[in-house]
Amino acid sequence: MGKLKKGNKAPSFELSDQKGNKVCLADSKGRKILIYFYPKADTPGCTKQSCALKHARNSLTAQDVDIVGISPDASAAQLKFDKKYKLGFPLLSDEDHVVAKAYGVWGEKSMYGNTYMGIIRSSFLVDETGKISETWYKVSPANTVPNALKALNK
């Protein structure tokens, strides 16, 4: 699937979180949700990004924004990551990449001259009606929170 744009309906999903609970996009109806896709739990960039969101959680919650992280990691790896850094928000397991593909964040990457398929770090702000308010493809781990706060305070 191609990249999502502002105004598109956010692709629905139902995935298991780090505790084995089912989480659906529809669970956030009536609230905004910041969905961020990250390549792998407990790696430097993903840790930086997730911890920044943990520290911004009160500011985001005050603006009726829920946070959900999605990666291809199994729920057990997500739970270990959550416990280690005390993140406190749902980390969803998308092992078969269905949701990542629906959001246009599963794609070709390269490292050290090798190409492979993986998560393209991206985040999405979804409004109360389930429509995309903002998209940030290939976002830097350090920019996820500033981008979201700027979009919310327009």
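Shown for His55, His97: other C-beta atoms within 10 Å of each C-beta, ranked fewest to most, produce the order His55, His97. For the options Asn114, Asn143, Asn58, a Gaussian network treatment of the chain with springs between C-alpha atoms closer than 10 Å singles out Asn114 as fluctuating the most. Take each peptide in 4-10, 99-105, count the other Cβ atoms within 10 Å of every residue, and average; sorted highest first, the result is 99-105, 4-10.
What net charge is computed for the residues neighbouring Tyr137, neighbours being all others with C-beta under 10 Å from the C-beta of Tyr137, Lys and Arg scored +1, Asp and Glu -1? Walk me through the intermediate numbers first.
On the way: positive: Lys3, Arg121, Lys138; negative: none.
Within the 10 Å Cβ shell, the charges total +3.
GNM on the chain, alpha-carbon springs under 10 angstrom: the most fluctuating residue among Leu92, Leu53, Leu15 is Leu15.
Overall dimensions of the chain, expressed as equivalent-ellipsoid semi-axes from the Cα gyration tensor (√(5λ), whole Å, largest first), are 21, 18, 16.
Near Lys54, once Lys and Arg are set to +1 and Asp and Glu to -1 for all other residues with Cβ below 12 Å from its Cβ, the sum equals +3.
No lab work stands behind these numbers, since they all come straight from the coordinates. Owing to the predicted nature of the structure, the values given are computational and were not obtained by experimental measurement. We place every Cβ from the backbone using ideal geometry, glycine too, and count neighbours over all the protein chains shown.
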